[in-house]
Amino acid sequence: MITLTGYSLTFQDVDRVVNRLENVAIDEAAIKRVVENRKVVEEKIAAKQTMYGINTGFGKFSDVIIAEKDLADLQLNLIRSHACGVGEPFSEAISRTMMLLRANTLLRGYSGARVEVVEQLIRFINANIHPVIPEQGSLGASGDLAPLAHLTLALIGEGEVFYEGERMATKDALQRANIEPITLEAKEGLALINGTQAMTAVGIIAYLEMEKLLYQSELIASMTLEGLEGIIDAFHKSLHEARGHKEQIEVAERIRDLLNDSKLITRQGEKRVQDAYSLRCIPQVLGASWQTFYYVKDILQTEMNAVTDNPLIFSDDDAVISGGNFHGQPVALAMDFLKIGIAELANIAERRIERLVNPQLNDLPPFLSPSPGLESGAMIMQYSAAALVSENKTLAHPASVDSIPSSANQEDHVSMGTIAARHAYQMLQNTRHVIAIELICAMEAVEYRGIDKMATKTKQFYDKAREIVPSITKDRVFSTNMIELAHWLKAAEESYVD
C-alpha cells in the first residue's frame, strides 16, 4: 500500500503502483489541507470575487464572467470541449501513472478541489480502471489539457476505459466495479486538466525502463567485447579517473567486474594496439548517457510532487493567484535531453553490431552465417538496427524549440513537452530492439570463440538469453527472435536479468 501525501512520491512508489498494481491510500494530513483550501474557493465564490477558471471563461475567454448558477456547467463544458485527443491511446501503465500523479498533486491542496475528487482517482487506481487517453493533442501548456480531459471524462462516467482486459464505455466499467461517477463543482474540472501529468507520466515510465536498459547495454557490450576479443586495458581504472567523470568511471568499473575472469578479452598489443571507438569508448559514451539520465531523474522527481495547475489556492494567505505552473518547459527540455542520451545508446550499439557482422572488421564468419553465401545469417539484422537508429535521429529533433500560439494568442508560448516525452519513449523502444540485435550477434560471436572461455557473469547471461533465442544453425525468420528478446529484456525484474 502506497500512502499519498502530495510531497513524497518516488520513482519506487510509482513502480509499485503501476507495475505491481499496489493499492493507494490518502494521508490524513493531506485531506485536511484539501478541505481548508476548498473552503477558500467556496467563500470567494459566495463573495462574488472574480477568479480565473472558477467564475470566468478559459484562455481568451478569461474576461467572460460566469453566473454562479452556471459554475458546474462551466466545468462540465470544459472537460467535454477539451477532450480533443487523437491517435492511439497511451498504455494502461501511462494512464495509471497519470491518475496517480494527478491525485498526488491535488493532495497538496493548492488546486482547490474537493476530497471527493481525489477519492475518485484513488478508486479508479485501486480498481484497476484505466481511462482511454489518446496520445496526441497536447501542447504542453496550459498543461496537458487534452489528455487530462480524457482522463477526467472517465471520472464523471463518460468516455472509455480499459478494465479487466477490455476496452469499454466508462459507464459499463463503473457498473461492474460498483463505482458511482462524480459531478464536478466549481474549479474542479480546471484543477484536473491544468497540469503536466501526461508528459511527466510518460517521462517516468521512460525513466524506469531506461535505467534497466542502460545496465543491460553494459552487459551486452561486455559480451561483444568478448566476441571481438576486445582490449581490456581501455577500461583501466586510472585511465578513467584521469578524466574524472563519475559516471564514466562507474561504467568502466562495472565492465571490468563483468569481464573479471574472461579468457576471451585481450591485452594491449596482443592482437592489436587499439580497438575501434565503439569498443574502446564504451565508458565515455554510456557514461554521458547516464549523466543525461540523472539530470532527467532530478527534474521528474521534482515534477511528480509539483503543483502544476492554475490558479492556485493559498488558504494561509486567503488568496487565489493566477500564474503559469502548468507550463511544461522543465520537463520538455529534460525529455529532449533524454532523447539525445537514448539516441547515443543505440548509435554506438549499432556500430558494435557492424563490427560483429562485417568480415572486413573481424575474423568471424561473414555475417555470422553458418553457410556464408548460401545463408545470409545476421546480415539484415544489422539493416534493421541501422533503420531503427536512423529513425531515432529524426525523433531526437528537440520538440521544445517549437512553439505555436494558441487561444487567440493568449497562450502564446507553449512547451511541446508531451511530444518530447512521447518521442523519447518511442526511441527507447527502438533502442531496446537495437540492443537485442547486438545480443543475438554477440552470442553467436562468443560461441565461435568458445563459451567455456567467457566470464562467469556474461556466461550466466548468455545461458538465460539462449533460452529465448537459440543459436543460428541455419537461416530463419529472425524478426521473431529480435522481438521476443526485446520483450524479455523489458520484462526482466532486474537490470542484469537475474
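Within the stretch 326-344, residues that are assigned by TED's automatic domain parsing to the domain that holds residue 277 reach no partner that is basic (Lys, Arg) and part of a loop (DSSP other than H, G, I, E, B) with beta carbons closer than 9 Å at six or more positions or on different chains. Take the conditions (1) on the phi > 0 side of the Ramachandran plot; (2) free of Cβ contacts under 8 Å to residues at least 40 places away in the same chain; residue 50 misses just one of them, which is (1).
Taking the stretch 364-466 as the region of interest, the helices (runs of 4 or more DSSP H) fully inside it that hold 2 or more residues being more than 27 Å from residue 141 (Cβ to Cβ) and within 25 Å of the chain's Cα centre (by Cα) are 379-395, 417-449.
Every condition in (1) at pLDDT 95 or above; (2) in a loop (DSSP other than H, G, I, E, B) holds for residue 16 except the one numbered (2). In the stretch 354-375 there is at least one residue that is in the same structural domain as residue 275 (by TED's automatic domain parsing), on the phi > 0 side of the Ramachandran plot and in contact with a helix residue (DSSP H, G or I) (Cβ under 6 Å, 6 or more places away or on another chain). What residue, of 255, 249, 204, 232, is surrounded by 16 or more Cβ atoms within 10 Å (Cβ to Cβ), closer than 18 Å to residue 342 by Cβ and among the β-branched types (Val, Ile, Thr)? Among 255, 249, 204, 232, only 204 is surrounded by 16 or more Cβ atoms within 10 Å (Cβ to Cβ), closer than 18 Å to residue 342 by Cβ and among the β-branched types (Val, Ile, Thr).
Checked against (1) assigned to a helix (DSSP H, G or I); (2) of a type in the set (Gly, Ala, Ser); (3) modelled with pLDDT under 95, residue 269 passes all but condition (1). Of all residues in the stretch 289-297, one or more are of a type in the set (Ser, Thr, Tyr), within 24 Å of residue 218 (Cα to Cα), in contact with a Phe, Trp or Tyr (Cβ under 9 Å, 6 or more places away or on another chain) and in a helix (DSSP H, G or I).
Matching residues to (1) over 21 Å from residue 281 (Cα atoms); (2) touching a Gly at 6+ places or on another chain (Cβ under 7 Å); (3) free of Cβ contacts under 8 Å to residues at least 60 places away in the same chain:
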position: 352; (1), (2), (3): no, no, no
position: 356; (1), (2), (3): no, yes, no
position: 363; (1), (2), (3): yes, no, yes
position: 366; (1), (2), (3): yes, no, yes
position: 382; (1), (2), (3): no, no, yes
position: 389; (1), (2), (3): no, no, yes
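When residue 480 is tested against (1) modelled with pLDDT under 95; (2) among the polar types (S, T, N, Q); (3) farther than 30 Å from residue 326 by Cα, exactly one condition is not met: (1).
Does residue 487 satisfy being surrounded by fewer than 18 Cβ atoms within 10 Å (Cβ to Cβ), assigned to a helix (DSSP H, G or I) and in the same structural domain as residue 327 (by TED's automatic domain parsing)? In short, yes.
Scanning the stretch 467-478 for residues that are of a type outside the set (D, E, K, R) and in a loop (DSSP other than H, G, I, E, B), which turns out surrounded by the most Cβ atoms within 10 Å (Cβ to Cβ)? Selected residue: 472. Scanning the stretch 438-460 for residues that are closer than 24 Å to residue 383 by Cα and of a type in the set (Lys, Arg) gives no hits. Output the qualifying pairs, or none if there are none: Cβ atoms under 6 angstrom, residues six or more apart or on different chains, first residue in the stretch 75-87 and under 12 Å from residue 185 (Cα atoms), second residue acidic (Asp, Glu). Going by the 6 Å Cβ cut-off, the qualifying pairs are 75/188. Might you let me know whether the stretch 84-99 holds any residue that is more than 19 Å from the chain's Cα centre (by Cα) and either part of a helix (DSSP H, G or I) or crowded, with 17+ Cβ neighbours inside 10 Å (or both)? Checked the stretch 84-99: at least one residue is more than 19 Å from the chain's Cα centre (by Cα) and either part of a helix (DSSP H, G or I) or crowded, with 17+ Cβ neighbours inside 10 Å (or both).
Checked against (1) among the small types (Gly, Ala, Ser); (2) in a loop (DSSP other than H, G, I, E, B); (3) within 19 Å of the chain's Cα centre (by Cα), residue 323 meets all criteria but (3). Each residue in the stretch 19-66 was checked for being surrounded by 16 or more Cβ atoms within 10 Å (Cβ to Cβ), of a type in the set (D, E, K, R) and either at pLDDT 95 or above or touching a Lys or Arg at 6+ places or on another chain (Cβ under 9 Å) (or both), and 2 pass.
The values are calculated or read from the model by the stated rules, or taken from the named source; none is laboratory data. This one's a predicted model, so the numbers in the text were calculated from it and none came from an experiment. Glycine also receives a Cβ, built like all others from the backbone with ideal geometry; neighbour counts cover every protein chain displayed.
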